[in-house]
1. Defining a contact as two alpha carbons under 8 Å apart and six or more residues distant in sequence, what relative contact order in percent does the range A:2-146 show?
2. Could you pull out the pairs from A:K93/A:K174; B:K11/B:K72; A:K2/A:K99; A:K255/B:K216; A:K93/B:K72 whose alpha carbons sit more than 32 Å apart here?
3. So which residue, out of A:R227, A:R236, A:R90, gets the largest mean-square fluctuation from a GNM of chain A using Cα contacts under 10 Å as springs?
4. Mind jotting down the three principal axis lengths of chain A based on Cα atoms? Whole angstrom, largest first.
5. I need A:M247, A:M29 ordered by Cβ neighbour count within 10 Å, fewest first.
6. When only DSSP loop residues count, what chymotrypsin sites (Phe, Trp or Tyr not before Pro) in the range A:1-105 have their Cβ near at most 13 other Cβ atoms within 10 Å?
7. As I understand it, the dipole of the range B:136-269 uses +1 on the Cβ of Lys and Arg and -1 on the Cβ of Asp and Glu, about the Cα centre. Which of B:P208, B:V232, B:G254 lies farthest toward its positive end?
8. By count of other Cβ within 10 Å, fewest leading, how are B:S186, B:S250 ordered?
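The numbers here are math on the coordinates, done by the rules we state, and not lab data. What you see is a predicted model, and the numbers here were worked out from it, not measured in a lab. Every residue, glycine as well, gets a Cβ built from its backbone with ideal geometry; the counts of neighbours run over all protein chains shown.
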Amino acid sequence: MKFRGKIIDIACLNHFSRVVTTISKLTKMCVLRLTPDNLFFVLSGKVANGGVGMWCELLQANFFDEYQMEGVSSEFNEICLEVTPENLSRALKTVQNAKYVKIKLTRKHCPCLTIAAELPTLSSVSRVVTHDVPVDIIPKSLWHEFKEPSIPDFDVSIYLPPLKTLKNVVDRMKNLSNFLLIEANMNGEMKLKIQTDLVSVTTHFKDLGNPPWGEDSSQDGGPSHSRDPEDMAEARVDIRKLQQFLMGQQVNPSKAMCNLVHRNVVHLVVLHEDVSLQYFVPAVA
Amino acid sequence: MQCVVTGGNVKVLAKAVHSLSRIGDELYVEPQEDGLALRSVNSSRSAYACFLFAPLFFSRYSIDRGLDFRCKLAVKSVQTVFRSVATLEKTVEKCHVELDKAKDRLTFTLHCKHGLLKTHNLSYQDTESLQAVFDKDSCANVFRAQSRVLVETVVHFPPSVEEVTVAVSSERMWVRNHVEDEAERSKALLTELCLAADEFDHFAVGAPNSITFCLKELRGLLVFAESTGLPVSVYFHEPGSPVVFSVTDSVLEGNFVLATLSDDHNLQKSDSGGGHAEPPPPPPDDFMNDDIDSYLIAMDTSVVPGPSTAPPSAASRASPAADSRTRKHSEEEEEEERDGNEDPGRPPSKKFRSLFFGSVLPPSPQTSTQPVTTQEVLASDSEDEDE
């Protein structure tokens, strides 16, 4: 099992570091899956048990100038590591002006992802900094837990308003209640509601648009096609989990959407150029 | 005592107070013949800092000869006087520091633009002189670097990192975060940085060695050094004896004296190891060279993962001795000055040996009152700990 990657381009480095920072805001621990073409950050929260789930997919070629990996075997050409994204993010943040950054799997006092960077200095010799991020290697027998989640059979799919706006609203609501009700329909309308004994607050969004899922949804009966566009689907979620998602967003994504399975799960999808991030928040009763 | 600070020097004074505030809760003020000394020590007495501003630093400096005055103030209240260094620079033209013996107040008067006067009357406590015992000239390892070099080194360590280990060879300096506990090591982010001798203005290693000290106080000094643009000198000898960071120019001198971890394991290593103390972790070239196979590793992970499969690699730190580390007190006690009353006030749980200085008795006349004064100090120190 081998892994080694090198990033030279400073824009790629910044971008990668932003992605990792976003992940670190969402979860303390996650799984990093390395395949010949992709990197995945996975949090396989059992949504059924009330945990959040996360799936973030990066094309290695968009970030790395060199990328070499050798999986567990030629048949299972993958590496699965448990990492603390916070550590990874810290390490990457301090090397933002590096001439290049190498990331490799090393065996030190424990398995580590070693981030080694050469930094510019005033002298002729450049300065080298290395960060050893301890990782746990996940045995093949557990890999099945970290497969790409299937897109849920949603009732409503809708584009989200600008995430900053959403964050402002949710941050205010957080002060009033622990739970938030998300309602949306296929007519581009979304409502965020909180209800307590003392107050109920609703924020209405209009004309958000509904992403065309086309064939996918029509294949499995297409509940979203047959339903009344005015008909609201709803899910009540832990407001902190939503806030966490909104807090982590480092850049305004090119697309952000929300798929609602009525009273079951909120599936948030963020697309930013070459990065896609999916986040599953379970509904609570 | 009366002194007047003008222009840019107000900011220098302010920065000094702020960096002393990183050390302890009290600011010791002592007007001396050779200038105004501001000092601070932390509650466990493992870190001490002193700035001495020469009379030339002030546009006016006068002290009452024959009257030994020294006092301590809550550093927070002095910081309040110099709050917001940025606006200070723009608005304050002059700063008077005056002792009002009648009211027992130390008065700071800031003369700002547009004739605005801000007066702070601070109460103080009498105190004995605070003086650390250290001798930087006898240190085997001496370095001097632009503050930027050190600032850019420290920035790689997240604020949560408390202690760093610095190892030196004749050509390089390695800095890495110190993780006390073996168990923590498999969880903690380990950061290591290698500085070449060229980055320093002066790089003299007489005893290749490695020391471990707290980063917090150094960060304090660097804030000062960076704002004044002064180079920082580093002096140290061996694990367990203090490391001194200093900044000097013609009108001021600042010394930060920090206890280092006395690590017997390290000590033995360096004795047996000859040239290289605790083998500085894999030379950077190993990390950075491009021969991929040399550092790619093969790990069989279909079996049990985790540290249990890892052989005791890079044995330098694998010893359990780290836990049973003992402190060598005897040596330290020799360094302690006349006053032996220190011990009761020393909190037991601190990681660092704290005896590298004792309080110095003030010159004769008040000797009779001395024990009382000392006791007060000790008591207040231990109270701090309890808070």
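1. Working: 291 pairs, mean separation 38.7, N = 145.
Rounded, it is 27 percent for the range A:2-146.
2. As for pairs spanning more than 32 Å Cα to Cα, those are A:K255/B:K216; A:K93/B:K72.
3. A:R227
4. Taking the Cα atoms of chain A, the three principal extents are 66, 44, 30 Å.
5. Details: A:M247 16, A:M29 11.
Starting with the residue having the fewest Cβ neighbours, the order is A:M29, A:M247.
6. Numbers: sites: A:F3, A:F16, A:F40, A:F41, A:W55, A:F63, A:F64, A:Y67, A:F76, A:Y100; in loops: A:F63, A:F64, A:F76.
Here the sparse-neighbourhood loop sites are A:F76.
7. Comparing the listed Cα positions along the dipole, B:V232 ranks first.
8. Values: B:S186 20, B:S250 8.
The most exposed by this proxy come first: B:S250, B:S186.
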